[in-house]
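Structure first, then comments.
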Number of protein chains: 2
Amino acid sequence: MARRKKAGPDPLSTEEKIKEAARKVFLRKGFSGTRTRDIAEEAGINLALLNYYFRSKQKLFDEVMKEKIQTLLKTIIPVLQDNSTTLEEKIKLMVSNYFKVLSKNNDLPIFVLNELRKNNISFISNLPVGKAILQTSFMLQLKQRKANVDPVHFLMSMLGLIIFPFVAKPILTQSGMISERKFQSLIEERELLIPLWMKAILK
Amino acid sequence: MARRKKAGPDPLSTEEKIKEAARKVFLRKGFSGTRTRDIAEEAGINLALLNYYFRSKQKLFDEVMKEKIQTLLKTIIPVLQDNSTTLEEKIKLMVSNYFKVLSKNNDLPIFVLNELRKNNISFISNLPVGKAILQTSFMLQLKQRKANVDPVHFLMSMLGLIIFPFVAKPILTQSGMISERKFQSLIEERELLIPLWMKAILK
DNA sequence: GTCTATAACCTGATAGAC
DNA sequence: GTCTATCAGGTTATAGAC
């Protein structure tokens, strides 16, 4: 629980303890399923202190959510924008970057996607990040291939192949279809398979 | 709102009015985000009446959830099990069946997947539906192809290609990447594209 | 900064009249 | 079956002592 940037003592500040607890609880239970008491308890501090540092449950949530969206975007945007890499290199990088992030945080995609669906989260609507993606090096390279597949299709498909297993994990494991171990090994295989599949789709 | 099985008067029974309202509100807000008062208001009846017909919020939710999971399973299981169709036919059928269901109910997948993640929904763990899928005609046909791809990979990928766009829709539209119209047209295209892609992946 | 105590409000569920 | 009124318990947020 106590995450340290380096070795040694360096106890987390109270503020960071609360935020770390909030990350954990919000991700597991969502906004409306989380009680501020849960966060306080998880952080080992008092409920009043949570409101002292963050004004409200909503503001604390917004900070966590903003951070998580940033994590997901930083995983993909720089790769898409890089003018010095080939299309194939970008695909491999996106896959490996995402698997690195999601393997440590299986719940991240479904948490973000679902909360974004329930509330209309303001800071997504504000940044025109969607339109920016349409003009990245990645999308241009796709167009230049003149493959008979819309670049948006291609991107959606790749993200689906990467992210969906994590979203579906609860159904797959709880229904007895695959074990936790089998899931892990499938994920590892996919890191190699998805780039091959995307190549096949392009032709 | 008033859904009728045939033309003519046939007003919904109170019980069905409540259930219909519950479907709508639960799907939009999830279990913990929904207040029973919201459902009562949506149904145009009183809060007390909700508890008269269904014993509790949880029981009403369970009925809705069970129904939705059934919808998703009935869309796919019979197709997977059918011994009289080819692999290619099954793929096309799954895709078109799912698009038919999901086009009318975009929120269905993320609702089910997320609630299943938060709570451990009992009736999924009980039915060994996961293991059953592994022994369907579909999975056997995949093995017989001796393609160098695990059938579970193949199924996960196909479901990802079908379902992920609906799960990601809030991000895609709210971020300004695509409009609602563009989303619809992309979905229609995918019904033809996904079977082709799956064929490409198989080789 | 951190705590205890509590205010102010909300929510699920029920009692009881009709 | 359906309603109004209300209870009992939980939840966010704050007041105030230390």
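What the table shows:
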item: Inter-copy spacing of B:L196 label points, which lie 7 Å from Cα along Cα→Cβ, given in nm from shortest upward; result: 2.3
item: The stretch A:29-96: trypsin sites (Lys or Arg not before Pro) falling in loop per DSSP and having at most 16 other Cβ within 10 Å; result: A:R35, A:R55
item: Positive-pole candidate from A:L73, A:V25, A:L127, dipole of chain A, charges at beta carbon; result: A:L127
item: Ascending list, in nanometres, of distances separating the A:K182 label from those of the other copies (7 Å, Cα toward Cβ); result: 4.0
item: Residue exposure sequence - B:Y98, A:Y52, B:Y53 - by fewest surrounding Cβ within 10 Å; result: A:Y52, B:Y53, B:Y98
item: Distance histogram in 10 Å bins (all Cα pairs of the stretch B:26-157, percent per bin); result: 10, 34, 30, 16, 8, 2
item: Of every Cα-Cα pair in the protein assembly as shown, the percent that sits beyond 42 Å; result: 16 percent
item: Label point distance in nm, A:A48-A:I77, each placed 7 Å from Cα along Cα→Cβ; result: 4.0 nm
item: A:R37-B:K104 pseudo-label distance in nm [points 7 Å out on the Cα-to-Cβ vector]; result: 4.3 nm
item: Rg to Rh quotient for the stretch A:55-109, alpha carbon positions, Kirkwood Rh; result: 1.13
item: Cα centroid separation, the stretch B:21-38 to the stretch A:130-203 (Å); result: 32 Å
item: Gyration tensor (Cα) of the stretch B:125-203, equivalent ellipsoid semi-axes in angstrom; result: 30, 17, 9
item: Greater than 26 Å apart at Cα, pairs in A:K17/A:K169; B:K92/B:K203; B:K17/B:K59; A:K92/B:K74; A:K92/B:K199; B:K74/B:K118; result: A:K17/A:K169; A:K92/B:K74
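No value in this document is a laboratory result; all are computed from the given coordinates. Everything numeric here is computed off the predicted structure, so don't read it as measured data. Heads up, the Cβs are rebuilt from the backbone with ideal geometry, glycines too, and the neighbour counts pull from every protein chain shown.
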